[in-house]
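Structure first, commentary second.
The values are calculated or read from the model by the stated rules, or taken from the named source; none is laboratory data. What you are looking at is a predicted structure, and each value in this text was computed from that prediction instead of being measured. Backbone-built Cβ (ideal geometry, glycine too); neighbour counts: all protein chains shown. Just so you know, the surface numbers come from the protein's heavy atoms only, side chains and all, with ligands and any DNA or RNA stripped out. Shrake-Rupley method; radii C 1.70, N 1.55, O 1.52, S 1.80 Å.
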Amino acid sequence: MKRLFLIAAALTAATTTSAREYTVTSPDGKIEVKVSTQPELRWSLSRAGERLLEPSRIGLTLAGEAPLGVAPAVRSVRTSAIDTRSTAEVPTKFRELHDRCNELLIAFRGDWAVRLRVYDNGAAYRFETARRGKTVVEDETAEFNFASDNDTYWTRERNPDFISHCEAFFERKRLSELERSVYAYLPVYFATPGGTRMVVTETDLEDYPCMFLFGGEGRRLRAEFPPVVLESRLKEGSDRNEEFLRKADYIAVTEGTRTYPWRVVTVDENDRALLENYLPYQLASKAVEGDASWVRPGKISWDWWNGLNVYGVDFEAGVNTATYKYFIDFAARYGLEYILLDEGWSVSTLNIREPRREVDLKEIVRYGNEKGVGVILWTLWNPMKKDLTGILDTYRDWGVKGIKIDFMQRSDQEMVNFYEQIARAAYDRGLLVDFHGSFKPAGLQRKYPNVLSFEGVYGMENDKCSKDITPAHDCVLPFTRMVAGPMDYTPGATVNATAADFSVSWSHPMSQGTRAHQAALYVIYESPLQMLCDSPSHYLRTPEFTGFIAAVPTVWDQTAALHASAGEYAAVARRNGDRWYIGAITDWTGRDMEIDLSFLGEGRYRMQYFADGVNADSYAQDFRTGEREVTREDKLNVRLASGGGWAAILTPVK
């Protein structure tokens, strides 16, 4: 949220106008946005002659005022071109960012404005108001009146209080098939009959609730927002689940002079182009001032998924010092930056300042530092909310490197503000943050470079209790949830199963799809803090796999999407320094794929690959590895088994 509001000053060339429709196009001229002001404020969107959004109402309702957007009086209009370059502090797609768009700023009588930006790959708008003191936002109007009965990936949310981990299964439906009773959190994907791909999301979300979308009205979707929570309490017998006792009839109490979140619609010609779209990141606030050189992205050896089941050791495995030293030894051996002590390390989930007696945390941190491995601690959100600075001061003094904060489950204004309070307080103390039980990224990760990942995804931890996390589901996520930003999916399973062989096991979990599928996820899924979910004992017995995934970075200088069809397959190449990495995955349909290496630089590269084995269709753990020299002139033919994958690391030959 910007405190700088320049309705009067910015419109230096403005004069009162009687025009009722305004147009702004993308720099390449393909995307066009039209804004009409009478009788209500509406916008429409098209690309290359294809109508995408029919006129759709937008507006704000502030307490004590007429609704902003109903018969508004235009005071001035300005268009401008933006063409700037910047560098991402923690890059997940591209290190060098090019912000190139055309902007339309319409100011209205009553000291408010709407700002629209149109890029070659999408469009966005936001409101701006100038009021003294605080203002009460009763509601926001945001319609998406689609021109066609598009396909969409829709989540199955039903909670009337918007309480959600944002971990739903995506159902592919037509807009006309949506029910009013089942709503969606952002981001939401759409495919038009003409082939255009769109994703609706939001960014620069500050001091304001998250937006949710409701259907049941044919091709039209409407936004709704969680109200301000006036009183809540933990449910009886729960340490984390709340019930709301009183809710307001408004959605925010905020500064009267501010900018509001960007409402973003990415627009791409196909699924492949969508994989390179980073509009939500580039529209977010730039990083706060300060030295962020201490922020160290990397990989984590994680304890929860594998249940601390280690073997072949001379100690009893469990939540104890010896087991965590074993995790540290494993991490150090493979160059992993961190281990995570998940739920269970503290004397209780509500007392997260005192380790249980079996855990000598001081010794674990010391031992990790000696081995070059940092320690990250799981925390429950509600004790942290009661004593944020005190707890984080304690963790900093212990030498802990970061926190995984969990089970927030809310998306109202208070919780959005709490996310920023966590990010700021952790940043000031040199601590990393991974949000779990959370809503999607909405710009906070750019403003605070120490915020490295978010859950808000139906990820692989659910293999412990569900059959939903299939290779097809994996092929949906890059086009839906991951468009919003980094995604803590937690890959890395070493026990892999075909659809026929898979079984749910809480203590000894497995994944669906092949081992090579798991390897490829480390390239395809974006998360500057990436988990290795399985037991170190398993990893130590499959050094080819472990060495491969340990060598894949978690930040990227450049991304080149190669092949994509949402829900079916995806192939991506990414560069870190002078090395390139390729990942390809498929659903349960085996397929051949051509990998064109023309994205490489000049010269020869040594390619190490990790592929499905000959028998991976029937035994998902079967894999093969190899290496060869390649150049940018080569085209590789690779075979992906059912639920399979393929990955490669390409290093310049000096």
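Taking segment 84-183 as the region of interest, the strands (runs of 3 or more DSSP E) fully inside it that hold 3 or more residues being more than 19 Å from the chain's Cα centre (by Cα) are 96-108, 112-119, 122-129, 134-146, 171-174. Once segment 501-557 is narrowed to residues that are among the charged types (D, E, K, R) and in a loop (DSSP other than H, G, I, E, B), the residue that is surrounded by the most Cβ atoms within 10 Å (Cβ to Cβ) is D534. Only one of the listed residues (R481, R515) is in contact with a Gly (Cβ under 9 Å, 6 or more places away or on another chain), charged (D, E, K, R) and closer than 28 Å to K173 by Cβ. That residue is R481. Within segment 184-199, the set of residues being over 30 Å from L380 (Cβ atoms) and assigned to a strand (DSSP E or B) comprises Y189, F190, A191, R197, M198, V199.
The residue pairs whose first member lies in segment 523-539 and is touching a residue at least 24 places away in the same chain (Cβ under 8 Å) and under 29 Å from A560 (Cβ atoms), whose second member is of a type in the set (D, E) and not in a loop (DSSP other than H, G, I, E, B), and whose beta carbons are closer than 8 Å, counting only pairs six or more residues apart or on different chains, are L529/D434; C533/E461.
Within segment 245-270, restricting attention to residues that are among the hydrophobic types (A, V, I, L, M, F, W, C) and under 27 Å from the mean Cα position of the chain (by Cα), the residue that is surrounded by the fewest Cβ atoms within 10 Å (Cβ to Cβ) is V253. Looking only at residues of segment 419-438 that are open to solvent by 10 Å² or more (accessible area, probe 1.4 Å) and in a loop (DSSP other than H, G, I, E, B), we find that the one that is farthest from Q530 (Cα to Cα) is R429. When you scan segment 263-290, how many residues do you find that are modelled with pLDDT of 95 or more, over 18 Å from R126 (Cα atoms) and outside any strand (DSSP E or B)? The qualifying residues number 11.
Restricting attention to segment 153-170, the residues being touching a strand residue (DSSP E or B) at 6+ places or on another chain (Cβ under 7 Å), touching a residue at least 60 places away in the same chain (Cβ under 8 Å) and acidic (D, E) number 1. Among the residues in segment 150-170, are any under 24 Å from V228 (Cβ atoms) and acidic (D, E)? Yes, the conditions are met somewhere in segment 150-170. Could you say whether any residue in segment 613-624 is surrounded by 15 or more Cβ atoms within 10 Å (Cβ to Cβ), touching a Leu at 6+ places or on another chain (Cβ under 7 Å) and within 20 Å of A472 (Cα to Cα)? No, because not a single residue in segment 613-624 is surrounded by 15 or more Cβ atoms within 10 Å (Cβ to Cβ), touching a Leu at 6+ places or on another chain (Cβ under 7 Å) and within 20 Å of A472 (Cα to Cα). Within segment 382-393, the set of residues being assigned to a helix (DSSP H, G or I) and loosely packed, with under 15 Cβ neighbours inside 10 Å comprises K386, T389, G390, D393. Does I352 satisfy being assigned to a loop (DSSP other than H, G, I, E, B), open to solvent by less than 30 Å² (accessible area, probe 1.4 Å), at pLDDT 95 or above and not aromatic (F, W, Y)? It is true that I352 is assigned to a loop (DSSP other than H, G, I, E, B), open to solvent by less than 30 Å² (accessible area, probe 1.4 Å), at pLDDT 95 or above and not aromatic (F, W, Y).
Here is a yes/no grid of residues against (1) open to solvent by less than 30 Å² (accessible area, probe 1.4 Å); (2) touching a Gly at 6+ places or on another chain (Cβ under 9 Å); (3) of a type in the set (S, T, N, Q); (4) farther than 19 Å from A472 by Cβ:
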residue: A560; (1), (2), (3), (4): yes, no, no, yes
residue: G583; (1), (2), (3), (4): yes, yes, no, no
residue: S598; (1), (2), (3), (4): no, no, yes, yes
residue: F610; (1), (2), (3), (4): yes, yes, no, yes
residue: G626; (1), (2), (3), (4): yes, no, no, yes
